[in-house]
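Let me begin by presenting the structure, written as structure tokens, before commenting on it.
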Amino acid sequence: MRNEGGAARIFLREFWAVSQAAPMRRVHVIGNTTLMDYCSGPSFASGGFIADSAFEGGTVINGSQQQWLVRNSLLDGWTNGVWNQVFSGVTGAPAQCFPAQASCGGPYTTLASSPVTQEAPFLYVDADGHYRVFVPSVQLNSVGTTWGSGSTAGASISTDEFFVAKPTDSVQKINNALDRGQNLVFTPGLYHLDRAIKVKRPGTVVLGLGFPTLVPDNGNAAMSIADVRGVSLIGLLFDAGPESSPVLLQVGTAHAHKSDHNGSTSLDDHESESHGPTSLHDVFFRIGGATPGKAATSLVVNSDDVLLDDIWAWRADHGNGVGWTANTADTGLIVNGDNVTAYGLFVEHYQKYEVIWNGNGGAVIFFQNEMPYDPPSQAAWMEAPGIYGWAALKVADSVTTFSGYGMGSYSFFNQGLDIYAANAFEVPTLLPLASLHDLLTIFLDAVHGRGGILNVVNNIGGPSTIANPDVPVTVVNYP
């Protein structure tokens, strides 16, 4: 159980061989930590997320981990990298080294500080034995843990101010509690929703315990958040239902993006406001896999200044209800708001642009993508006449400022056909110089795969195909 001031728990050595959707937060490890399963072959491991944690008296052994993000933590040592290792605001992080090279190891993308963060709220027991929820404060240009040199700054909320939801509760009952001004705890389980859960009040905390699963049954959204500040969403899985939803989670109303804060949308100008940005922590989306499911878009962010802190959006490539016309899903994430910052953005297998970024001032610090495995033909997967496939991340031509760090897109087309994507990333050519840092593409399987990605970004960077499998093709800076 976490406590208000320090880390969750001290471990003497740690084995944390995980892939997406298994974050590690607010822990203190003394001794070595391994991120790969060295006990059984082939020891594949495919990406993870660490935040607000300290690893002392030992080394973090990356091993076979293909990609990883460490944010606002402390390291005494880190071994090797495979394709994409990103460190943001980490004390003791490896030095910048991308692409990998003998002189410095790598591949490492290292940011000295994190521009704007808020750690995930958490449940804890206070000194009197009462359960409470702690909401850490927003930080600007931060380095290291929030608890290493004293108690974490933030606010504590009594659980008396929360409605504790169970899977048997109706959406109406949950919405009534939210309308009364209560915060919300979802206990573990499967929640079937006949309409959207609506979060309307600034500063509302919505906390999932045990990754409760929200399923829209009638082609509705599972949840909508009004265009208000300071909402925190933590530890939820949105699972598409059998009738296609236009969106699973919507943050801010349509056309909410606007400069409504004294003519400015910069977070620095709003620190005096009673609430910080709306933030999503460890929020995951699944289209098919467990059960048949469809949704046009998993997550739409219309509000400004939103923080996305570990998002995994997955159109299933295996499991139940999987197929090109079965678990249909165009796009994982659409960002319309300005000054939206994403740390740890994992988006995989969607059928068109996997991420569309329409807002100005956005930043993505670590991006991992696999293109869809299953386009049935090149003709069925064309962005436009003469343009093969769909880019993994599309920044709209109207955007004038956008930053990206440590962004990878991989291909594995498994239909026995030569399927190609023209570009992994498409961005305006007039972005400021070096807006994008450390981009890569990879062709995954020379035995079972065909086709590949022809360029990294805007027709720059060579192809990654069967001719160079498992070899990153990189672009260090663009434009």
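The values are calculated or read from the model by the stated rules, or taken from the named source; none is laboratory data. Just so it is clear, the structure is predicted and the values come from calculations on it, not from any experiment. For neighbour counting, all protein chains shown are included, and Cβ atoms are generated from backbone atoms with ideal geometry for every residue, glycine included.
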Tally of residues being touching an Asp or Glu at 6+ places or on another chain (Cβ under 7 Å) and polar (S, T, N, Q) across the range 330-373: 5
Any chance Trp68 is aromatic (Phe, Trp, Tyr), closer than 19 Å to Leu440 by Cα and modelled with pLDDT of 95 or more: yes
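Count, please, the residues in the range 88-134 that happen to be of a type in the set (Phe, Trp, Tyr) and assigned to a loop (DSSP other than H, G, I, E, B).
Residues that pass the stated criteria total 1.
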Residue in the range 386-404 that is modelled with pLDDT of 95 or more, farther than 30 Å from Val90 by Cα and β-branched (Val, Ile, Thr) present: yes
Of residues in the range 350-403 being at positive phi and crowded, with 23+ Cβ neighbours inside 10 Å, the one farthest from the chain's Cα centre (by Cα): Gly389
Whichever residue in the range 281-330 is of a type in the set (Phe, Trp, Tyr) and in a strand (DSSP E or B) and, among such residues, is nearest to Gln20 (Cα to Cα): Trp312
Candidates Val476, Val427, Val471, Val456 - the one that is over 20 Å from His349 (Cβ atoms) and in contact with a Leu (Cβ under 7 Å, 6 or more places away or on another chain): Val427
Some residue of the range 184-192 being among the β-branched types (Val, Ile, Thr) and assigned to a strand (DSSP E or B): yes
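Residue-by-condition table, conditions (1) assigned to a strand (DSSP E or B); (2) under 19 Å from His437 (Cβ atoms):
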{"residue": "Glu14", "(1), (2)": "yes, no"}
{"residue": "Ser19", "(1), (2)": "no, no"}
{"residue": "Gly31", "(1), (2)": "yes, no"}
{"residue": "Gly41", "(1), (2)": "no, no"}
{"residue": "Ile50", "(1), (2)": "yes, no"}
{"residue": "Gly63", "(1), (2)": "no, no"}
{"residue": "Gly81", "(1), (2)": "no, yes"}
The lone exception for Phe412 - which of (1) more than 30 Å from Ser113 (Cβ to Cβ); (2) over 24 Å from the mean Cα position of the chain (by Cα); (3) touching a residue at least 40 places away in the same chain (Cβ under 8 Å) it fails: (2)
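Okay, residues lined up against (1) of a type in the set (Asp, Glu); (2) at pLDDT 95 or above; (3) closer than 17 Å to Gly81 by Cα:
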position: Gly449; (1), (2), (3): no, no, no
position: Val456; (1), (2), (3): no, yes, no
position: Asn459; (1), (2), (3): no, yes, no
position: Gly462; (1), (2), (3): no, no, no
position: Pro472; (1), (2), (3): no, yes, yes
Of residues in the range 89-108 being over 17 Å from Gly63 (Cα atoms) and within 20 Å of the chain's Cα centre (by Cα), the one surrounded by the most Cβ atoms within 10 Å (Cβ to Cβ): Val90
Single residue of Phe211, Phe186 found to be within 23 Å of Pro242 (Cβ to Cβ) and touching a Leu at 6+ places or on another chain (Cβ under 6 Å): Phe211
Check on Leu140, in contact with a Pro (Cβ under 9 Å, 6 or more places away or on another chain), modelled with pLDDT of 95 or more and surrounded by fewer than 15 Cβ atoms within 10 Å (Cβ to Cβ): yes
Test: residue in the range 468-478 that is within 24 Å of Asp374 (Cβ to Cβ), in a strand (DSSP E or B) and aromatic (Phe, Trp, Tyr): no
Yes/no for Glu161 being of a type in the set (Asp, Glu), surrounded by 18 or more Cβ atoms within 10 Å (Cβ to Cβ) and out of contact with any Gly (no Cβ under 7 Å at 6 or more places or on another chain): no
Criterion (in the same structural domain as Glu348 (by TED's automatic domain parsing) and in contact with a His (Cβ under 8 Å, 6 or more places away or on another chain)) met by exactly one of Tyr420, Tyr388, Tyr405: Tyr405
Filtered residue count, the range 430-451, keeping only those that are out of contact with any Pro (no Cβ under 6 Å at 6 or more places or on another chain) and part of a strand (DSSP E or B): 6
Ile157 being within 18 Å of Ala226 (Cβ to Cβ) and of a type outside the set (Gly, Ala, Ser): no
Positions within the range 65-79 being closer than 17 Å to Val18 by Cβ and assigned to a loop (DSSP other than H, G, I, E, B), in sequence order: Gln66, Ser73
Of residues in the range 427-447 being hydrophobic (A, V, I, L, M, F, W, C), surrounded by fewer than 23 Cβ atoms within 10 Å (Cβ to Cβ) and within 24 Å of Phe412 (Cβ to Cβ), the one farthest from the chain's Cα centre (by Cα): Val447
Positions within the range 209-226 being within 15 Å of Leu178 (Cα to Cα) and either part of a strand (DSSP E or B) or among the charged types (D, E, K, R) (or both), in sequence order: Met223, Ser224, Ile225
